[in-house]
Amino acid sequence: MNVIKVSGTSRTSAVAGAIAGVFREYKRAEVQAIGAIAVNQAVKALALAKGYLKEDGFDIIFTPEFVDVEIDEKVRTAIKFIVEAR
């Protein structure tokens, strides 16, 4: 399972569909964002995905955590959301 990476320009509906698709297949998903705008887009996508999955009978929760990622040989702090069934 790959981490779903969200940027500030990501379309929330597309990200929500990806989250729902990964969750349906693996019963778990990980969403990662760096920066305030990207985190905002990720949270909106998570809320949409929760609605999509509720229609399929799934009740999900998402837990945020900090994670360090290396980009261009520099360490950046990202927010990672773990998506799991309630």
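The values are calculated or read from the model by the stated rules, or taken from the named source; none is laboratory data. All figures in this text were calculated on a predicted structure; none of them were measured in a lab. No Cβ is skipped: glycine too gets one built from the backbone with ideal geometry, and neighbour counts run over all protein chains shown. Heavy atoms of the whole protein, side chains included, go into the accessibility calculation; ligands, DNA and RNA do not. Shrake-Rupley method; radii C 1.70, N 1.55, O 1.52, S 1.80 Å.
If you go through the range 1-21, how many residues are free of Cβ contacts under 8 Å to residues at least 40 places away in the same chain, surrounded by 15 or more Cβ atoms within 10 Å (Cβ to Cβ) and among the β-branched types (Val, Ile, Thr)?
Within the range 1-21, residues that are free of Cβ contacts under 8 Å to residues at least 40 places away in the same chain, surrounded by 15 or more Cβ atoms within 10 Å (Cβ to Cβ) and among the β-branched types (Val, Ile, Thr) number 4.
Quick one: would you say residue 16 is at pLDDT 95 or above, under 15 Å from residue 82 (Cα atoms) and touching a strand residue (DSSP E or B) at 6+ places or on another chain (Cβ under 9 Å)?
Details: at pLDDT 95 or above: yes; under 15 Å from residue 82 (Cα atoms): yes; touching a strand residue (DSSP E or B) at 6+ places or on another chain (Cβ under 9 Å): no.
Considered against the rule, which asks whether it is at pLDDT 95 or above, under 15 Å from residue 82 (Cα atoms) and touching a strand residue (DSSP E or B) at 6+ places or on another chain (Cβ under 9 Å), residue 16 comes out as no.
Out of the residues in the range 26-51 meeting the condition of being of a type in the set (Val, Ile, Thr) and open to solvent by 30 Å² or more (accessible area, probe 1.4 Å), tell me which one is nearest to residue 16 (Cα to Cα). Working first, answer last.
Quick first cut of the range 26-51, residues of a type in the set (Val, Ile, Thr) only: 31, 34, 37, 39, 43.
Checking the rest, the ones that are also open to solvent by 30 Å² or more (accessible area, probe 1.4 Å) come to 34, 37, 39, 43.
On the way: 34: 17, 37: 16, 39: 13, 43: 10 Å.
Per the criteria, the residue is 43.
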